[in-house]
Number of protein chains: 2
Amino acid sequence: MKLQARQADIVTSGPIALLNSNDCLKLGVGENDRIRVTGKDSAVCTVIITDRYIPEGLIALTEQTMNKCGSKDREDVEVAYSPMPESVRSIRSKINGGTLSKKEMDAIVSDIMQGNLSEMEIIAFVSAFNVNNSDLTEIAYLTRSMAATGKMVDLGVRPIFDFHSLGGVPGNKITPTVVSIVASEGLVIPKLSSRAVSSACGTSDYVDTFCDVEMDTRKLVDTISECNGVFACGNKDYAPVGSLIIKAENPMGIDPRPMMMASIMSKKVVIGTTHLLIDIPMGEGSKIPDIKSARQFAKDLIDLGSILGMHVECAVSCADQPIGRMIGPVLEAKECIGILEGHGGDPSVVDKACGMAGIILEMAGEKDGYARAVEILRSGRAHKKFLEIVRAQNGSPVLKSTDLLPGQFVKDIHAKRSGYVQYVDNACMVAIAKGAGAPKDIGAGIELLHKRGDYVEEGEVLFKIYADNQSKLDRAIESARSRRPMLVKDAEVKAEKDMILERIPSKEMLDLIRFRNL
Amino acid sequence: MKLQARQADIVTSGPIALLNSNDCLKLGVGENDRIRVTGKDSAVCTVIITDRYIPEGLIALTEQTMNKCGSKDREDVEVAYSPMPESVRSIRSKINGGTLSKKEMDAIVSDIMQGNLSEMEIIAFVSAFNVNNSDLTEIAYLTRSMAATGKMVDLGVRPIFDFHSLGGVPGNKITPTVVSIVASEGLVIPKLSSRAVSSACGTSDYVDTFCDVEMDTRKLVDTISECNGVFACGNKDYAPVGSLIIKAENPMGIDPRPMMMASIMSKKVVIGTTHLLIDIPMGEGSKIPDIKSARQFAKDLIDLGSILGMHVECAVSCADQPIGRMIGPVLEAKECIGILEGHGGDPSVVDKACGMAGIILEMAGEKDGYARAVEILRSGRAHKKFLEIVRAQNGSPVLKSTDLLPGQFVKDIHAKRSGYVQYVDNACMVAIAKGAGAPKDIGAGIELLHKRGDYVEEGEVLFKIYADNQSKLDRAIESARSRRPMLVKDAEVKAEKDMILERIPSKEMLDLIRFRNL
């Protein structure tokens, strides 16, 4: 039936339409039913019935819906009942413990992609599809369905190496170093990173401060074929349904394992990865609390890799405190480039980058990967490769770490007593850096002058907060005061030594080791 | 901080507040964070940021929120960040496959009760708490938590008998008959029923046509102590959190098993049930499709009963077509009372009611419960007890089935060909009855003149639709035309004979049977 559209000042998470109850009876729809609204184009909304605000003959739509169905205020639109998508039935079946077929999974993903499912329904799916109510075959289906929602990249080479960090620890600026070491050995490593979702700085946020990270598929393929490596941002074109799912998950702060696995692996399927190393940061506040969970997760990732035809290994890394000393886009870029330039740098970043690169080199046949990685870094070859990729991504070919300038509004945070730094709290540091404006304000962030195990005198500077303006600096200082980002006490504590705590090789490797031990 | 409240014309499922982004920065809150708004009273809302509609210094709230926090349009309210409730963490842990403690379950239920969780969070909980990701101990915790959200009833007697039907089949008008038979044997059976959620007529909807179903706890206890039985509506005072959960589940049409179990059992905990019979209607379109699922579900219900200290038995009943011949409040009341008056009645209702009552009598020690139930019904003792309860519930002590008059707008639906009725579709009949106005219009509904297995001549009346006015009758006719509520074909099909397909006794009974067979 025809109704006159009215644009309503309503901001909601999903598309809704307000209708008068008499029109609803005529349409045969009830509250929470779906209707299809058609102007030049069409959109599906959820019905809200209100006689108080909407007289008969009108339908109130949000601005987004108006745009989507190509209609204007006071124009007539065609309104009809839209049956619940079949995929809601599949989600219900999943909630009731059923197993989803490939076809059902494809339908769910495609309906999410087309906006046919409400955020409520997406959350229901994600929550129902939990570790105890999903199997690896279903996760593999989901992975492939997600990959198919965007462009696929054909690099025309094999093998293709890649790595991925599960995240949850700030300051993890190893990507450009790992990629540069691996690519300088002639191995193809098309690393797609992302921007921060809830953290203070994602890889693409700091790489963006010194070269382009957004590029189309053609440019991506060209850069890889020229340099063997890339530090691109993979958010937009590849497996785009992932970001719609994250958008629904975000309010509750959830990221359940099966969905996380499918989301990670879908981007690897897109790029054609054959050999994948997954970094599992372990420690308080990270996604993985202990070695038992880390091993279980590693096993699942390795098995999922097998189903997808990908050789997967995992490395459990130390995530008890921030990696390195800098948090925030410009600051992390500065620290990362400094290491490549050979200025030494904080051992935690150097050790982790070489450890990860080393495992990848070993996956490619190298005997002692770690030693080889250190050698490539020390010799300056990694730096040379880094600058080559930076230039290909439209950055300066003579880029120096000193070119990068953090925010000019700076506050030193002092130790109130002498003693040993007992801990540096990841979540607090992230909150403070975000308070200072990171990642949007690229100069904002934190520089740690001390880390766990350091002895400090009363009054010594523990860390510095950087911001691009005074009011945000004040906000960050206030945030630091209301939390406990660092604790100084008499008790002596151990500093980290090795960043890679345990390597979990693929099944084939395990079989090989077992075979050797026979 | 203080902001001026503005009442906004917004209808959403959860409480939201619209704020300007500058105020959000000052408050340190982001989109989807929670804030506490305090006027005379206080309410928690989810933040939506909009600079376009909300200038600095204002906060837009819905009418419900305005009322809840006791503030008026253009008055100042105090606004502060409200941390995410601890129970969201428990829901996240459940999504990640964790096991919930009693304390966590209590916190989740109490937060749902107090409106601290959004419908999204409730759906996430319900979806995560599925058959593969919950155990009976957790379901028992949930049951007791839900029971504790409302009044508890102490009848001061034992044993207390009760029964419950899982529903999903229309026309299931056995409650007054079962209660009357059981109570006339001196057994206490405090049956709390409910109104329709998505069906055409709940037990309380048709009982309400001839006596009061809403009563306070005092009246409930008095009626039971006077009559041993009652047909009360249990929705409002008892385990009220259940209806909040159903409200969240309803848009997706879900009712996952663990939640359903907790919801059913919580009301039985409230009333102090010691012996419970659960009717599991099985058949196409009902909640339980086959005998294997029915047996598994029965086992879970019996085991949950054990944990809760309740003797539970189950009966799987035939639900392939409507029970009896009437659907809709007045029509069902009429059919039900007719059976008690001894007018015979459709065998499917009589057999099911006597079958259910018989099992309860056997749980109380009777040898042949079915025969005894039939005898009590035939002798008129059940009818006497029925009228006694009706009088106690302020109904007429001389109530007759002929007193009840269905809607005066009637349409006969004729057979288009001769043959056997192949099936009567439950879902179609419910849709037609609802289209006619049931359960709100008490005279609306359907009378089936034929059921499965009947031979009909072309032109014979298959069923009648009743409505309280012409426009709703037209709507129902239209609904009937667009569906296939009955199919008539040459092929001969079998009519049902026995309504109770299988009895699933409690574990102790099984042990006893096993012992006897040794």
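The values are calculated or read from the model by the stated rules, or taken from the named source; none is laboratory data. This structure is a prediction, so every number in the text was calculated from the model and none was measured. Every residue, glycine among them, receives a Cβ derived from its backbone with ideal geometry; neighbour counts consider all protein chains shown. Each accessible area value is taken on the protein alone, full model and side chains, heavy atoms only, with ligands, DNA and RNA left out. Shrake-Rupley method; radii C 1.70, N 1.55, O 1.52, S 1.80 Å.
Counting, for every residue in A:131-139, the Cβ atoms of other protein chains within 10 Å of its Cβ and taking the mean gives 3. Pairs from the list A:LYS94/B:LYS489; A:LYS191/A:LYS497; A:LYS494/B:LYS103 with a Cα-Cα gap above 29 Å: A:LYS94/B:LYS489; A:LYS494/B:LYS103.
For the range A:86-160, the average shadow cast by the Cα convex hull is 5.8 nm², which is a quarter of the hull's surface.
Legend: translational diffusion of the range B:127-167 by Stokes-Einstein, Rh = Kirkwood radius over C-alpha pairs, 4 °C, 1.567 mPa s; D = 100 µm²/s.
When the scattering of the range A:351-411 is computed by the Debye formula from its Cα atoms alone, each counted once and equally, what is log10 I(q)/I(0) at q = 0.14, 0.26, 0.29 Å⁻¹? Debye output, listed in q order: -0.56, -1.00, -1.08. Averaged over the residues of peptide B:49-55, the number of Cβ atoms from other protein chains lying within 10 Å of each residue's Cβ is 2. Inter-copy label distances at A:PRO55, using a point 7 Å along Cα-to-Cβ, come to 3.0 nm with the shortest given first. Over the range B:250-380, the fraction of Cα-Cα pairs per 10 Å bin, rounded to whole percents and listed from the shortest bin up, is 11, 33, 39, 16, 1. Our note on the geometry: Cα centres of the range B:91-136 and the range B:22-69, 26 Å apart.
The fraction of all Cα pairs in the range A:167-256 landing in successive 10 Å bins from 0 to the largest distance is 16, 44, 32, 9, 0, given as whole percents.
Kindly work out what percent of the DSSP beta bridges joining two residues of the protein assembly as shown are antiparallel, to the nearest 5.
60 percent
Dividing the alpha-carbon radius of gyration of the protein assembly as shown by the rule-of-thumb value 2.2 N^0.38 Å gives 1.08. Its convex hull of Cα atoms gives the range B:271-319 a direction-averaged projected area, equal to a quarter of the hull surface, of 3.4 nm². Mean partner shielding of peptide B:90-100, defined as the number of other chain Cβ atoms within 10 Å of each residue Cβ, is 4.
Each listed q (0.09, 0.10, 0.22 Å⁻¹) maps to a log10 I(q)/I(0) for the range B:377-518, found by the Debye formula over equal Cα scatterers with no solvent: -0.47, -0.56, -1.19. Counting only Cα atoms, the size of the range B:423-474 along its three principal axes is 33, 21, 15 Å, in decreasing order.
If the viscosity is 1.002 mPa s and the temperature 20 °C, what translational diffusion coefficient in µm²/s does Stokes-Einstein give for chain A when Rh comes from Kirkwood over Cα pairs?
Using the Kirkwood radius from Cα pairs, D works out to 86 µm²/s.
Here chain B has 50 percent of its accessible surface on carbon and sulfur atoms, given a 1.4 Å probe and all protein chains in place. Under 5 Å from the amide H of B:ILE288 lie the amide H atoms of B:GLY283, each residue being 5 or more positions distant or on a separate chain, with H modelled from the backbone and absent for Pro and chain starts. Among chain A residues, the beta-carbon with the smallest distance to the axis carrying A onto B is reported, with distance in whole Å, as A:SER127, 2.
Quick one: Cα convex hull volume of the range A:120-220, Å³ per residue?
Spread over its residues, the Cα hull of the range A:120-220 gives 163 Å³ apiece.
Using the Cβ-Cβ distance between A:GLN114 and A:SER471 with R0 set to 51 Å, the FRET efficiency from 1/(1 + (r/R0)^6) comes to roughly 0.75.
Inter-copy label distances for B:ASP498: 6.9 nm (label point placed 7 Å from Cα along Cα→Cβ; shortest first).
Measuring nothing but label to label, 7 Å from Cα along Cα→Cβ, what are A:ARG483's distances to the other copies in nm, shortest first? In ascending order, 5.6 nm. Taking only the Cα atoms of the range A:331-375, the ratio Rg/Rh comes out at 1.04, with Rh defined as the Kirkwood radius. Ranked from largest, the principal axis spans of the Cα set of the range A:29-136 equal 51, 28, 19 Å. Set against the 2.2 N^0.38 Å expectation for a compact globular protein, the range B:12-65 has a Cα radius of gyration ratio of 1.04.
A simple spin-label model places the labels of A:ARG483 and A:ARG74 5.1 nm from each other, with each point 7 Å out along Cα-to-Cβ.
With a 10 Å radius around each residue's Cβ, average the other Cβ atoms per peptide and rank A:38-45, A:451-458, highest first.
A:38-45, A:451-458
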